[in-house]
1. Name the residues in segment 119-131 that are more than 16 Å from Pro21 (Cα to Cα) and in a loop (DSSP other than H, G, I, E, B), would you?
2. Scan (1) more than 20 Å from Pro50 (Cβ to Cβ); (2) assigned to a helix (DSSP H, G or I); (3) touching a residue at least 60 places away in the same chain (Cβ under 8 Å); (4) of a type outside the set (Asp, Glu) for the single condition Arg116 breaks and write down its number.
3. State which residue is surrounded by the fewest Cβ atoms within 10 Å (Cβ to Cβ) when the search covers only segment 111-130 and only residues that are within 19 Å of Ala14 (Cα to Cα) and of a type in the set (A, V, I, L, M).
4. Residues that are surrounded by 13 or more Cβ atoms within 10 Å (Cβ to Cβ) and at pLDDT 95 or above: which helices (runs of 4 or more DSSP H) entirely in segment 1-110 hold 1 or more of them?
Amino acid sequence: LTTGLKIRPKATAARAVYIQPNGPGMLWWLIYDVDREAAALAWEMGDLPPPNHAAINPANAHAHLAYLLADGVCLTEAAHQHPIRYAAAVQRAMAIKLEADPAYTGLITKNPAHERWKVWDIHGQSYTLGELAEYVDLQHPANQVKLIPGEALGLGRNCTLFHQGH
């Protein structure tokens, strides 16, 4: 992190402490940064489905929880905005239930292959956005974010940037 973010060859990246789980144009992983006690169990406390894995910091038990999507969400300028908005709404609602960092974008995550982290591999199944949405109330007022101009949170930043750029 001290040298900035750079795209590296896969073999080099695999040895890094932090990795970029998603490419620049596709969202395959929803990653949540939970910085509190028992972070790896935040999904149970939030009545959410289990993540695919939790990468846990052994020094303080804070964790990144990772959910693999069955169908990636295209984030390029050629993408349809409805799937991006839907993914952003699901991501935001889950972050609230997990009590995860709302400003965390998921751009980089704890590398589950690195020895620095304790990793809990929970399962290998993927989720559709619809399956994840069954666990949250997208219409609940707490999940309705009123953005301050020039400010955006989480995956919603992609929506904001798209609209500001056009």
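The values are calculated or read from the model by the stated rules, or taken from the named source; none is laboratory data. Just so it is clear, the model here is predicted, and its values are computed rather than measured. Because the Cβ atoms are built from the backbone with ideal geometry, glycine has one as well, and the counts that use them run over all protein chains shown.
1. Within segment 119-131, Ile122, His123, Gln125, Thr128 qualify.
2. With respect to (1) more than 20 Å from Pro50 (Cβ to Cβ); (2) assigned to a helix (DSSP H, G or I); (3) touching a residue at least 60 places away in the same chain (Cβ under 8 Å); (4) of a type outside the set (Asp, Glu), Arg116 is out only on (2).
3. Ala113
4. Correct list: 42-45, 81-98.
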